[in-house]
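Notes follow the structure.
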Amino acid sequence: MIEQLEIEKLSLEDYQQLVDVMKASYPKWSGGYWSMGAIKNLINMFPSGQMVVKVNGKVVGCALSIIVDYDRFDDEHTYKQITGNYTFTTHDPNGDVLYGIEIFIHPDYRGLRLGRRLYDVRKELCEELNLRAIVFGGRLPNYHEYADSISPKEYIQKVKNKEIYDPVLSFQLSNDFHVKKVLKEYMPEDIQSKEYATLLEWDNVYYSVLTRKSFTPTSNVRLGLIQWQMRLYKDVEELFVNVEYFIDAVSSYKSDFALLPELFNGPLMAKHNDLNSAEAMKKISEYTPKIRDRFQELAIRYNVNIITGSLPSLENGSLHNIGFLCHRNGKIETYEKIHVTPDEAAQWGMRGGNAIQVYDTDAGKIGILICYDVEFPELSRFLATQGMQILFVPFLADTQNAYMRVRGCAQARAIENECYVAITGSVGNLPKVENMDIQYSQAAVFTPCDFAFPHDGIKSQATPNTEMILITDVDLSLLDELHSYGSVRNLKDRRTDMYEVILKKRDT
């Protein structure tokens, strides 16, 4: 007997009941079920999009969803692609479509219109968030019974005409969803559907384009690249006199981002010349928390997002190369160098990090790779699949050939990932700092090579080996056009049926 029926937000405490209902709902499912980690990610990223229906306090059904920028995927996509390889990193709060990840009802509670209630709540959420539509891929669980005699198109038409009953499609059509197209290999684990799916859509008639525009990042973004002169400083305060000068200058040109080089605070090692280079680097890592806090203050004061290059950081006894993205609203995020060079390992005892991600900013989605990391194409390709529009590369190069490795790889990353890449390093000499004697840099901003961009893929570049600021505007809307209408479409034309880049997260 039903005494109480409620629809509420999914919580992690509901997980075991959720799995039990999933197993009961999909008894012949050949794929796996959602892990606790996946559900936790969904709840953390988009709590209002995860709903359960409870009868007498017990979970009997669920609806999971994310928001996506649908232009990134268009109608040709797979379940794996739209979910970011099941990690939900494709969720975009500034997107325009509510994408249905999952909906199911326990077999014992079907026929009570509980699924309809979940869809109604989804529609209300779509209207509340002013999203233009709800989209999802729908299974065809009974198609295997007809696959030998009729095509998917004929099957769908017969379901529409009520000549065939399909427990999923029939239900979705009765809830005002229309079929946009048939997808092949949408979900390879779906044996019953013969790997076919219907792409279904419900349009929000209350959607307002003008209202949405106020929430989307600006199309034109201004970058301020600081080509930093290495010089000796007596302490952190004197260092920051120079730092604030450059941040002030970048801000006066109304830049959205300020980028500093890798290990720009290396001159502070000079006061520790009595130590070997590894111990000297550990000593200046003690300044890193203070430097982070100062950058946070500057980002707020000068209204610019600051990418702090990189700084040494001692973590659990190991020396790492890290940096901070200081948003102009006060938020701080950390990034780290994944690959350390043989020299960094030998001279300073540095170790590589294990974390990489795309950062949402008020001026677009960005990635950050420190120096050597840009020479490993897998990292930037992973970031590109998560929607990266601008890749920032702070570097430290001693010789011109070292610089050319960074430059050449950075330019390749811009072409193959259809994004902008901004690089900057340090110039000058440090005769009193071991292993940081000479520096070479030519800051630059690279673009894809197509008609909307410079023919050589170079948007702008600084004078080599000269202390200066490079101010450059980039238009993010050109990237959207390139993804769909470019002469070549490197991201869209990938053969994901043959290869893919997967991020393996280490246990901490």
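For the subset of the stretch 136-186 comprising residues that are more than 23 Å from R122 (Cβ to Cβ), crowded, with 17+ Cβ neighbours inside 10 Å and not hydrophobic (A, V, I, L, M, F, W, C), which member is modelled with the highest pLDDT?
Y155
Run down K123, K184 and say which single residue is in contact with a strand residue (DSSP E or B) (Cβ under 7 Å, 6 or more places away or on another chain), under 27 Å from Y33 (Cα atoms) and free of Cβ contacts under 8 Å to residues at least 24 places away in the same chain. Working first, answer last.
Details: K123 fails: free of Cβ contacts under 8 Å to residues at least 24 places away in the same chain.
Going through K123, K184 in turn, just one is in contact with a strand residue (DSSP E or B) (Cβ under 7 Å, 6 or more places away or on another chain), under 27 Å from Y33 (Cα atoms) and free of Cβ contacts under 8 Å to residues at least 24 places away in the same chain: K184.
Can you pull out every residue in the stretch 329-350 that is crowded, with 16+ Cβ neighbours inside 10 Å and of a type in the set (D, E, K, R)?
Those that are crowded, with 16+ Cβ neighbours inside 10 Å and of a type in the set (D, E, K, R): E336, K337, E344.
Among the residues of the stretch 7-28, is any in a strand (DSSP E or B), touching a residue at least 60 places away in the same chain (Cβ under 8 Å) and aliphatic (A, V, I, L, M)?
Applying the first criterion (in a strand (DSSP E or B)) to the stretch 7-28 yields 7-9.
If we keep only those that are touching a residue at least 60 places away in the same chain (Cβ under 8 Å) too, we end up with 7.
This time we only want the ones that are aliphatic (A, V, I, L, M), so: 7.
Within the stretch 7-28 (the criterion being in a strand (DSSP E or B), touching a residue at least 60 places away in the same chain (Cβ under 8 Å) and aliphatic (A, V, I, L, M)), the answer is yes, since at least one residue qualifies.
Taking the stated definitions as given, is S252 within 23 Å of F392 (Cα to Cα) and either surrounded by 15 or more Cβ atoms within 10 Å (Cβ to Cβ) or at pLDDT below 95 (or both)?
Details: within 23 Å of F392 (Cα to Cα): yes; either surrounded by 15 or more Cβ atoms within 10 Å (Cβ to Cβ) or at pLDDT below 95 (or both): yes.
Judged against the criteria, S252 is a match.
Being modelled with pLDDT of 95 or more, over 27 Å from T90 (Cβ atoms) and buried (at least 24 other Cβ atoms within 10 Å of the Cβ) narrows it down to one residue among L396, L369; which is it? Show your work before the answer.
Numbers: L369 fails: over 27 Å from T90 (Cβ atoms).
Of L396, L369, the one residue that is modelled with pLDDT of 95 or more, over 27 Å from T90 (Cβ atoms) and buried (at least 24 other Cβ atoms within 10 Å of the Cβ) is L396.
Could you check the stretch 41-60 and list, in sequence order, the residues that are in contact with a helix residue (DSSP H, G or I) (Cβ under 8 Å, 6 or more places away or on another chain) and under 18 Å from V121 (Cβ atoms)? Full working, then the answer.
First, the residues of the stretch 41-60 that are in contact with a helix residue (DSSP H, G or I) (Cβ under 8 Å, 6 or more places away or on another chain): 42-43, 48-53, 55, 58-60.
Listed by number, the residues that qualify are L42, I43, S48, G49, Q50, M51, V52, V53, V55, V59, V60.
Identify all residues within the stretch 328-381 that are of a type in the set (S, T, Y) and part of a helix (DSSP H, G or I); write none if there are none.
We begin by selecting, within the stretch 328-381, every residue of a type in the set (S, T, Y); these are 334-335, 341, 359, 361, 372, 380.
Selection gives Y372, S380.
So how many residues does the stretch 93-103 have that are in contact with a strand residue (DSSP E or B) (Cβ under 6 Å, 6 or more places away or on another chain) and surrounded by 20 or more Cβ atoms within 10 Å (Cβ to Cβ)?
Counting residues in the stretch 93-103 that are in contact with a strand residue (DSSP E or B) (Cβ under 6 Å, 6 or more places away or on another chain) and surrounded by 20 or more Cβ atoms within 10 Å (Cβ to Cβ) gives 7.
Being in a strand (DSSP E or B) and surrounded by fewer than 18 Cβ atoms within 10 Å (Cβ to Cβ) is the filter here; which residues of the stretch 309-327 pass it?
The initial filter retains those residues of the stretch 309-327 that are in a strand (DSSP E or B), namely 311-315, 318-326.
Of everything in the stretch 309-327, those that are in a strand (DSSP E or B) and surrounded by fewer than 18 Cβ atoms within 10 Å (Cβ to Cβ) turn out to be L314, E315, S318.
Take the residues in the stretch 443-480 that are under 21 Å from the mean Cα position of the chain (by Cα) and of a type in the set (A, V, I, L, M), then tell me which one is nearest to S251 (Cα to Cα). Break it down into steps so the answer makes sense when it comes.
Looking only at the stretch 443-480, we keep the residues that are under 21 Å from the mean Cα position of the chain (by Cα), and these are 445-448, 474-480.
Within this subset, residues satisfying the condition of being of a type in the set (A, V, I, L, M) are 445, 474, 476, 478-479.
Details: V445: 18, V474: 16, L476: 20, L478: 25, L479: 25 Å.
Among residues in the stretch 443-480 that are under 21 Å from the mean Cα position of the chain (by Cα) and of a type in the set (A, V, I, L, M), the one nearest to S251 (Cα to Cα) is V474.
List the residue pairs whose Cβ atoms are under 7 Å apart, where the first residue sits in the stretch 35-63 and is under 17 Å from T89 (Cβ atoms) and surrounded by 16 or more Cβ atoms within 10 Å (Cβ to Cβ), the second is at pLDDT 90 or above and among the β-branched types (V, I, T), and the two are 6 or more positions apart or on different chains.
So the pair list comes out as F46/I66; F46/I67; G49/I66; Q50/I43.
If you scan the stretch 62-86, which residues turn out to be over 26 Å from S11 (Cα atoms) and either out of contact with any Lys or Arg (no Cβ under 7 Å at 6 or more places or on another chain) or of a type in the set (G, A, S) (or both)? Working first, answer last.
Let us first name the residues in the stretch 62-86 that are over 26 Å from S11 (Cα atoms), namely 70-78.
Those that are over 26 Å from S11 (Cα atoms) and either out of contact with any Lys or Arg (no Cβ under 7 Å at 6 or more places or on another chain) or of a type in the set (G, A, S) (or both): Y70, D71, R72, F73, D74, E76, H77, T78.
Return the pair list, or none, for Cβ contacts closer than 7 Å from residues in the stretch 343-360 that are within 16 Å of H320 (Cβ to Cβ) and in the same structural domain as F382 (by TED's automatic domain parsing) to residues that are surrounded by fewer than 17 Cβ atoms within 10 Å (Cβ to Cβ) and of a type in the set (S, T, Y), at least 6 apart or on different chains.
Every condition considered, the pairs that remain are R351/S318.
Any idea which residue in the stretch 417-461 is farthest from D480 (Cα to Cα), counting only those that are in contact with a helix residue (DSSP H, G or I) (Cβ under 7 Å, 6 or more places away or on another chain) and surrounded by fewer than 19 Cβ atoms within 10 Å (Cβ to Cβ)?
K432
Considering only the stretch 250-292, state which residues are farther than 23 Å from R231 by Cβ and charged (D, E, K, R).
The answer is K254, D256.
Inspect all residues belonging to the stretch 269-279 and state whether any of them is in contact with a helix residue (DSSP H, G or I) (Cβ under 7 Å, 6 or more places away or on another chain), of a type in the set (G, A, S) and either part of a helix (DSSP H, G or I) or under 21 Å from D235 (Cβ atoms) (or both).
yes
The values are calculated or read from the model by the stated rules, or taken from the named source; none is laboratory data. What you see is a predicted model; the values in this text were computed from it and never measured. FYI the Cβ positions are ideal-geometry reconstructions off the backbone, even for glycines, and counts take in every protein chain you see.
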